[in-house]
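Report on the following structure.
The values are calculated or read from the model by the stated rules, or taken from the named source; none is laboratory data. This is a predicted model, so every value here is computed, not measured. Cβ placement follows ideal geometry from the backbone for every residue including glycine, while neighbour counts extend to all protein chains displayed.
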Amino acid sequence: MGDPPPPVRRFVIGTAGHIDHGKTALVKALTGVDTDRWEEEKRRGITIDLGFAPLPLGDAIQASLVDVPGHEGFVRNMLAGATGIDVALLVIAADEGIMPQTEEHLAIVELLGVRRGIPVITKCDLVEAEWLDLVRGEVTQRLAASRVRWEVPVATSAVTGAGLDQLVAALRRIADDLPERPADDLFRLPIDRVFAVAGAGTVVTGSTWSGTVGVDGVVHLLPLDREARVRSIEVHGQAAERAVPGRRTALALVGVDKSELARGDVAVAGRGWHTSGMLDAAVELLPTARRPITARTRVRVHLGTAEVLARVVQVRSIGPGERGLVRLVLERPLVARGGDRFVLRSFSPVTTIGGGVVLDPFPAPRPRLRQRRIAAEQTLAGRLAAFAAEAGLGGLDGDALAVRLGVPPARVTTVIAEAGTALLVLGDTVVARDAVAAEATR
């Protein structure tokens, strides 16, 4: 018997960069797919070619490439596409260099916690070698201060094909170093498109963030709060038996009408999911933000593919370049999980001002945020102990902890154990030991 085949690595690559810097041409040169064809996609059926293309990198590597718009007016679409990507291609035209939208897209990539990236200098056939060296130096210097781990810039031309082999080789190297998305986690697919196909029904598409679901399985659609059966699954136009993490996916659903769903909704499976009306979060403001965040500031929250207006409450002023804790009161519900990253944009004028990470997707109105013992830097065990102390004798529903903490269900017991003697497990409920002891001495 031969050796078993290596495990398949799956990941999502996203473009970012200024308008007309050659993102779509680069995607077409790499994949052969022209991503500018939404109307054709709708006519063809359950395919997800507009803005999305499979990128073959080898037998054991399955990559999906997301092409996002660069125009400032479509940053909300860029955010919907950038969410859930593992690797960013920061596209910079050789004849223009770093431009305003380059900077905003770079900030968004950093705020969303993307860990790896490749700066791609496009249109290198339009400039002399000396100019290309200047642009390469500018890009290298600018990205040296970034929190993303960037590869060496790769100069390319979609016209001549120059540099494409080097870019593919760099992506293969990164693929070997990326953490695998957990297949044993709860299934979640933020929806970015909804349409109807004759014979298939309602089709939703998105990037699978975590977990799996199979044909004839059931998903829960939020915030609609409706269950639907998965009639069929496609990945880049190819039929599949299961949706897996890190792939562009289309689900044909039975039991829901196209008119009932929209971008920003989420398909989930497993216990513990429900919508959030408030979020407690750690946020940071970009140094370029025009004004501080204070109590009652109205902001736009971009989480997953959703954009929701919110009010900031229970916060001390957070100035440009500063960090702090906030409570976000959402004007309509969204689906969030502990550890989710999001981007904040100002209400008006609409610009990217910062971002953050969800510390608690289901905070109770009491206690107030400043009375809570939660922090961005604390361990999950410490946060769970804080949640349990707040819950008192009522305790915490064990089935909801995977969502609230942002860990796979199998890891919940480990987090409880790491909390030590501070917690008691009573059936499906987790209770703070101090709450039980206090009641016993009454």
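Side notes on the structure shown:
- Odd one out for Ala262, checked against (1) farther than 27 Å from Glu377 by Cβ; (2) buried (at least 20 other Cβ atoms within 10 Å of the Cβ); (3) of a type in the set (A, V, I, L, M, F, W, C): (2)
- Listing of strands (runs of 3 or more DSSP E) fully contained in segment 259-345 that carry 2 or more residues being within 24 Å of His105 (Cβ to Cβ) and not small (Gly, Ala, Ser): 276-285, 298-303, 306-313, 323-334
- The strands (runs of 3 or more DSSP E) found wholly in segment 181-248 and carrying at least 2 residues that are surrounded by fewer than 20 Cβ atoms within 10 Å (Cβ to Cβ) occupy 193-197, 218-222, 226-235, 238-240.
- Members of segment 114-155 found to be farther than 24 Å from Leu79 by Cα and in contact (Cβ under 8 Å) with a residue 60 or more places away in the chain, listed by number: Lys123, Ala155
- Selection of segment 199-216 for residues being farther than 12 Å from Ala267 by Cα and in contact (Cβ under 8 Å) with a residue 24 or more places away in the chain yields Ala200, Gly201, Thr202, Gly214, Val215.
- Any hit, segment 157-171, residues being in a loop (DSSP other than H, G, I, E, B), polar (S, T, N, Q) and at pLDDT 95 or above: yes
- Residue ID - farthest from Gln101 (Cα to Cα), chosen from residues in segment 350-370 that are touching a helix residue (DSSP H, G or I) at 6+ places or on another chain (Cβ under 9 Å), at pLDDT 95 or above and not in a loop (DSSP other than H, G, I, E, B): Asp360
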